[in-house]
Every structure is written in structure tokens, then in C-alpha cells.
Amino acid sequence: MDKKIVQRVAKLSSLAVKEDELATYATDIGGIINWMEQLNEVDITNVQPMVGTEIAQLRLREDVVTDGECKEDVLSNAPERIADFYAVPKVVE
């Protein structure tokens, strides 16, 4: 990776890169590319794929409507209540 390539990539990416930063970026990008090449050398022939979106199964539960079984806990926060409901001021005449 050299300064010329870094300049071109920066221009294509609409990034402002200072002249004195080009050498640093060239070294960093070259290191990343070398690391990616090292990953390609790893033998993965007997490695099972990890669970991803293609393999994963949804854990489904029965869709049942409940009251949450905590009605009193919820209603205990109400400043005012009537029976099992929140009491709110009338806003429309």
C-alpha cells in the first residue's frame, strides 16, 4: 500500500486526508490487508458454521393474552383509581 493509493481511496470516499497522514494510513491499511490474507490461510474444512440467520430457528412460544398477573403492582402506581382502572381527569368536554 502506498501514498498514491491512499490518496485515491480518500478522494473516492470524499475524505480529506493531510499529506503528512498518508504514510501512516498506508501502513495501517497495508497491515489490515495482510491480516485479512492471514485469515484466508486458516484451514476451516472441518469447522461447522456458526449459527447465523440462515441456520437459526426461532424459539416460538404460544401466543396467549394475559393480564401479566401483576394487576395490583401496576395499579399501585396510580395516583387515583376507580376499581381496577386508572382514574384520569376529563380532557374533552
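We did not get these values from a lab; they are worked out from the coordinates using the rules stated. Quick caveat, the model's predicted, so the values are computed rather than measured. Cβ sites come from the backbone with ideal geometry, for glycine too, and all protein chains shown count toward neighbours.
Within the listed set Val74, Val42, Val64, the residue fluctuating most in the Gaussian network model of the chain (springs between alpha-carbon atoms under 10 angstrom) is Val74. Comparing Ile33, Ile82, Ile44 in a Gaussian network model of the chain, where Cα atoms under 10 Å apart are tied by springs, the biggest mean-square fluctuation is seen for Ile82. The calculated 222 nm mean residue ellipticity attributable to helices in the chain amounts to -11000 deg cm²/dmol, summing -39500 (n - 2.57) over DSSP H runs of n ≥ 4 and dividing by all residues. Centre-to-centre separation between the Cα atoms of the stretch 2-52 and those of the stretch 53-93: 50 Å.
Just so you know, the Rg over Rh for the chain is 1.45, from Cα atoms, with Rh as the Kirkwood radius. A DSSP coil position with no more than 12 other Cβ atoms inside 10 Å describes the following GluC sites (Glu not before Pro) in the stretch 1-76: Glu41, Glu54, Glu62, Glu69.
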